[in-house]
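Colleague: Sharing a structure, written as structure tokens. Questions coming.
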Amino acid sequence: MRQEMIVGKPVLVVIDIQKGAGPPEAPPIPHMGPSDELIANARKLIAAARAADVPVVFIQEAHRPDLVDFGRELDGVETVHCLEDNPLTEISDEIGFRPDDYFIRKRRYSAFFGSDLAILLKGLKAETLILIGGLTDVCVHYTFADAHQSDFYTRVVEDCVIGSSYPAHAASLAAMEYLQTGARRTTEELLTAFASLAGNDRSLHMATAN
């Protein structure tokens, strides 16, 4: 059954928008295309969320330099990536990340697996999670599935995620929509929703002040 786009308290979850991935000598992880649109839309959404007092949680994939925590992650297409001692592993400078932001480091694809994300979201009293970042068919998809199974209303901003390929991106978006009807949303829809929340907050503040 289709729900409202935002139910209860929303949280914007920024998944793995980092400066880079692997060491220079490693083959690049496949991407479906340039990330310019992703970065531009992420910057707008993060700024709009802040203006509306919507919490923003930044997720960083990072692995120990001795590779001990990769597990089965290197059994597929991906090579060594996101090492803790690589400056490219840091959150991108282009999206408005601040040192005092909520920050979760993860060792696996899902932002929930082996992290304290669930504890943070409980403290924030989150009900709706809005996912942006990458990869659509990997970390975003697995995080969405875990959020769904944890009973969060979950939305994915389809023009603010990037996949390993266009077919994989499209298939994952379809799979997420299958789990929650209306999960697929656009940057413009969320900007409008955040602006509405910001307006309501201002109106409430003015009414209280009077």
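Values in this text are rule-based calculations from the coordinates and carry no lab data. Since the structure is predicted, the reported quantities are computational estimates derived from the model, not experimental observations. Please note: Cβ atoms are built from the backbone with ideal geometry, for glycine as well, and neighbour counts cover all protein chains shown.
Colleague: Tell me, what HN-Hα J-couplings in whole Hz come from the Karplus equation 6.51 cos²θ - 1.76 cosθ + 1.60 at θ = phi - 60° for each residue of region 141-150, using x for Gly and Pro?
Modeller: My calculation for region 141-150 gives 5, 5, 5, 4, 4, 5, 5, 4, 6, 8 Hz in order.
Colleague: Using the number of other C-beta atoms within 10 angstrom as an exposure proxy, rank D100, D53 with the fewest first.
Modeller: In increasing order of surrounding Cβ atoms, one gets D100, D53.
Colleague: Continuing with the same structure: In what sequence, highest mean first, do 121-128, 106-113 appear when ranked by Cβ atoms within 10 angstrom?
Modeller: Values: 121-128: 16.1, 106-113: 20.6.
Sorting 121-128, 106-113 by mean packing, highest first, produces 106-113, 121-128.
Colleague: Which label belongs to the value computed from this structure, given these candidates for Rg/Rh (Cα atoms, Kirkwood Rh): (i) 0.94; (ii) 1.20; (iii) 0.97?
Modeller: (iii)
Colleague: Who wins for biggest fluctuation among T136, T192, T181 in a Gaussian network model of the chain, springs between alpha carbons below 10 Å?
Modeller: Of T136, T192, T181, the Gaussian network model singles out T192 as fluctuating most.
Colleague: I would also like to ask the following. By DSSP, what percent of the beta bridges with both residues in region 14-209 are antiparallel, rounded to the nearest 5?
Modeller: Roughly 5 percent of the beta bridges in region 14-209 run antiparallel, per DSSP.
Colleague: Return one number: the angle in degrees, 0 to 90 and rounded to the nearest 10, between the long axis of the Cα atoms of helix 36-51 and the longest principal axis of the Cα atoms of the chain.
Modeller: 40
Colleague: Give me the distance between the Cα centres of region 136-183 and region 68-83, rounded to whole Å.
Modeller: 22
Colleague: Across the chain, how many lysine pairs separated by 8 or more positions, or lying on different chains, have Cα atoms within less than 21 Å?
Modeller: Values: K9/K44; K9/K122; K9/K125; K19/K44; K19/K106; K106/K122.
The number of close lysine pairs in the chain is 6.
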